[in-house]
Structure formats: structure tokens, C-alpha cells
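The values are calculated or read from the model by the stated rules, or taken from the named source; none is laboratory data. Worth saying up front: this structure is predicted, and the values here are computed from it rather than measured. Cβ atoms come from the backbone with ideal geometry, glycine included; neighbour counts cover every protein chain shown. Surface accessibility is based on the protein's heavy atoms, side chains included, excluding ligands, DNA and RNA. Shrake-Rupley method; radii C 1.70, N 1.55, O 1.52, S 1.80 Å.
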Amino acid sequence: MKFRLPTSASVIVLTAALLVSGCSSGSDDAAGGGAGGGTSELTVWLMRDSVSAAFQKEFTTAFAATHPDIRLKVQIQEWDGIGQKVTAALASNDAPDVIEIGNTQVAQYAQSGGLLDLSDKKTDLGGATWLRGLAEPGAWEGKQYGIPYYAANRVVIYRKDLVRQAGVDPTAIKTRDQWLAATGKLNKGDQQGIYLTGQTWYALAGFIWDEGGDLAVQRDGKWQGALDTPQALAGMEFYQRLQALGKGPKDADEANPPQAEVMAKGKVAQIIATPGGANVVTEQNPQLKGKLGFFPIPGKSADKPGAVFTGGSDLVIPAASQHQDAAYTFVKELTGDTWQKKLALAMSYVPNKTSLASAVASDPGAAAMAAGAAQGHATPNTPGWAAVEAENPIKDYMTAVLTGGDIKREAAKTSEEVTRAMNSAS
């Protein structure tokens, strides 16, 4: 699942290509290079903004020095329309060798049979400590196809000055009840305690998971919407209480209008967003520079943060790749501890393993993300979930409840709609 908006298309042939010569079109040998000592040209698709130019240069220079028998050709792809492009590539005889895809997209590509099964590589790749929200959606029917690359999830971005004026200690906000109490103190006059729109459904999902519920469950081989379970209803009831402590529109999501722009106007104490949202706020209102802080979304109890939706990417190797061993070498390097630490610091991402959380301790936003990522979840791991997001009856459900609809009746209705969408698409 992506968090960034696309820009323009470009193709970058990385510096590794300039540091080695020769090219072999044959299959790779066990060492990851070309047969007979030749060079394998490895085509890699990475998504727009997943790495910076400086990180690209550092990684590819080091990779070329360590693996002179592999020549990298990295092509930068846009998120817009990438689904159709990947589907076509996987069905062709000329697929790239490595593809970065959104973590929730793995199932639909694995179902087609177009991805290489990497289950036997999990131990070698440190799979025991992979983030759950990346690893679980990277698997399909018991086999691991997607290798966790990086993660990003939502945190609470707050105004340090407003919190201080209200006598609130943000470091003491460890539970949802404490969060509600603090937000109530911040919600006064024309100041909003939190700007939370009525259709921020990823936040709702976290509250549902925190209660032990889910958006949908699988029974007897069929998926069923689960928004009408007691756990899911409790999650929606908490959302209702929190959303009331601000003036967010009940019939819109966080992009309409962009919530960071609303916070930049100076009358909002908190928003739920990825840490990058703070940069947007200060770009819109430079007077708020240095006045924004972060903490993980609180949980039901103080012993752990709240559950969050883990967005981010996995790396996959197409079954049609002509250089599978070299592709695995690339994946192992980029998802290994050394480069994961560097990537996290360069891009303010969460590393792909819980054991690497300390790598971002010096970055307040990323550190808050990493703490939450340990409680990360993903949407139901089935190709049918794409149909639910396309229609998104969950948004309509939230608006209906927030505008006075009966929560049980609306939840039951929406669960039926989710059931129909998931099974009609499978």
C-alpha cells in the first residue's frame, strides 16, 4: 500500500551499470552471475520516491563493488496505473527481475502464478523478525512471495505549544482513555482537539484490530464482512467518541480537504497521519516549524501502542525472470540489516524488521512509527479485498453512524456489502 502521490515518469540506469561491462542473456549460475563468468543485466522496478537519489548512488556503487558480475538497470515506476503494468509484465516472457509492489497487492499477483516462491529463503533473510504488516500480506496460501522492503504507518502529530498550554504531557498518553481525556482538554473554543474526518477508515481499522476484531474473516473458504461483530462495533464506538472532539467533516476522508493543510491554519491540536504530514504542515505554515511532535497511536492498555495499518512495500521476483539467482542477491542486499538501517535514516521509513527499530531512534517521527509498526496489521489477505476498496462501503458506513444512524443496523448492512464485494471478485 502506497502513501505517496505519483509524479512524472522516468527511467534511471544506475551507476552500477557504468562500473561493470559485458552482458549475458543466459540464465544465472548459483553464484548469481552470468554463466561462464559473464555479467547478468538485472532489471529492477522501484516505485517513485521509494529511495532518494543519494541513497541510490550509495547502494548501487557498493553493490557494483561487491557483485561485479551483476549489472543493475533500475527503472522508476509510477504508482498510477502500476497494477495493470505489473499484471502485463508477469504474463509476458520479458518480465523485470525484481519488482517493488505495495504490500497489500502481493496476493493478487501471487494468485496468478506469476511470482517466485521464496518460502525457503525466509531464514536466510531474517524472516523471524519481519514486521507482521509486511510479511503476512507478502504470503499467499502458505507460501512467501513478497519480501518486506520498508514500512510506513500513521502516528499522532501534535502541536507542542497547544499541548503545553493545556497542561497535557504527551509522553504520559499511553492509553486510548488517556488520549480521549487529553484531546478533550485541547478541544476548546475555535481550537480543535483533533482534526479527524468521518471517513478516515485506516484509523478505524486500527481501533477494530485493537479490540480483537477485523474488517473481514474467512469461514468455510468464503470471506465475510465482520464490521458487525462486538469487537468491530467497539472500535467504531471509540472512533465516534474521538471524532467528536474536533470539527472534521463527517462525510469526507482525510484528503478532502488535505488534513495537513487544515492543521497548518493553526487551529488544530492533533491529526493522525504519517510523519511526513508534519513537513506539509510546516511548508504551508512556516511559523509552526519546531512546534510539531509525534507519538504512537495509543492502545487499549499502556503496555503496547495501538494497532495500526502498515503500509509500505515488498520486493518480489517474477517467475519469468531470466536471472533469478542474481535477483535474489539484489533482494537480500537491499532488505538486509545494513541497507535497511541506511534506508530508514535516509527516508524516515520503518525498517523491515522489529529488531532494527533502534536504527531510527534519533528521528522522532520515524521512532513513533517504528513503535506502532510492531503492532502493525494489513487488510484481509485476498485478491477480493481490492473490490472492497474500489467501492469502499466502509466510508459510507462511518458517515452513516456519525450522522445518527443505528450502529448495529449500519454495520450489518455494510458487512453484507463487504461479503458480496470480496466473493464476487474472487
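Worth pointing out:
- Residue (of Asn285, Leu343, Pro393) at the positive-pole extreme of the stretch 250-406, dipole from beta-carbon charges: Asn285
- Here the chain carries DSSP beta bridges of which approximately 65% are antiparallel, counting only pairs with both residues inside.
- Solvent-accessible area per residue for the stretch 113-165 (1.4 angstrom probe, square angstrom): 40 Å²
- Label-point separation in nm, Gln111 to Ser52, each point 7 Å along Cα→Cβ: 3.9 nm
- Dipole magnitude (debye, nearest 20) for the chain, charges at Cβ of Lys, Arg, Asp, Glu: 1500 debye
- Partners for Lys121 among lysines (Cα-Cα distance below 25 Å; same-chain residues under 8 apart left out): Lys73, Lys143, Lys332, Lys341, Lys342, Lys353
- For the chain, the share of accessible area belonging to carbon and sulfur comes to 49 percent (1.4 Å probe, ligands and nucleic acids excluded).
- Per residue, the stretch 319-363 exposes 38 Å² of solvent-accessible protein surface, assessed with a 1.4 angstrom probe and all protein chains in place.
- Using the Karplus relation 6.51 cos²θ - 1.76 cosθ + 1.60 with θ = phi - 60°, the per-residue 3J(HN,Hα) values for the stretch 94-103 come to 10, 6, x, 8, 9, 10, 8, 9, x, 4 Hz, with x marking Gly and Pro.
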